[in-house]
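These notes are about the structure you will find just below.
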């Protein structure tokens, strides 16, 4: 079997945006029969929530739309992630800056902002819903769904995956 294409989503604490994106992309890939072709993970730029489950509000919004993420556990971006993953996607410009600072120079081409890379022109950043109202988690999930659909289509084109071969 071919080595899977590996995507890492990164936000601040790895309890809202990045695990949501992980759950969404994983389910979209599995629905197309590409689950074994794609490895998806998430991490945080800060170690605030290492070992913790995602925020309950993120989990509730995701579960209502059929995404499983309560089993995920927060982790911090590791140096080896820059070698291991084919694509490291920052949820906002601040995360992108931190990842580029930490990345070995030869690996910086793997680091991108999620939404523009996924074909979403505006907004450029996925806003952090953590300190806002519950509705913010729904809005974040909707934006991530849109971005992940574009991302998966882009990866499939670049990797030569077709629906027929799935």
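Please determine whether any residue of the stretch 35-43 is more than 25 Å from residue 138 (Cβ to Cβ), out of contact with any strand residue (DSSP E or B) (no Cβ under 9 Å at 6 or more places or on another chain) and not in a helix (DSSP H, G or I).
Among the residues of the stretch 35-43, at least one is more than 25 Å from residue 138 (Cβ to Cβ), out of contact with any strand residue (DSSP E or B) (no Cβ under 9 Å at 6 or more places or on another chain) and not in a helix (DSSP H, G or I), which makes the answer yes.
Can you pull out the helices (runs of 4 or more DSSP H) entirely within the stretch 68-166 that have at least 1 residues that are within 16 Å of residue 16 (Cα to Cα)?
So the answer is 93-102, 114-117, 135-159.
Do we find a residue being within 18 Å of residue 130 (Cβ to Cβ), buried (at least 19 other Cβ atoms within 10 Å of the Cβ) and over 17 Å from the mean Cα position of the chain (by Cα) anywhere in the stretch 50-71?
yes
When you look at residue 7, is it assigned to a helix (DSSP H, G or I), within 11 Å of the chain's Cα centre (by Cα), in contact (Cβ under 8 Å) with a residue 24 or more places away in the chain and surrounded by 14 or more Cβ atoms within 10 Å (Cβ to Cβ), yes or no?
no
May I ask you to list the residues in the stretch 16-34 that are in a loop (DSSP other than H, G, I, E, B) and in contact with a helix residue (DSSP H, G or I) (Cβ under 7 Å, 6 or more places away or on another chain)?
16
Here, each number is a calculation from the coordinates, and none is a lab measurement. Keep in mind the model is a prediction, meaning the values are calculated, not measured. Glycine also receives a Cβ, built like all others from the backbone with ideal geometry; neighbour counts cover every protein chain displayed.
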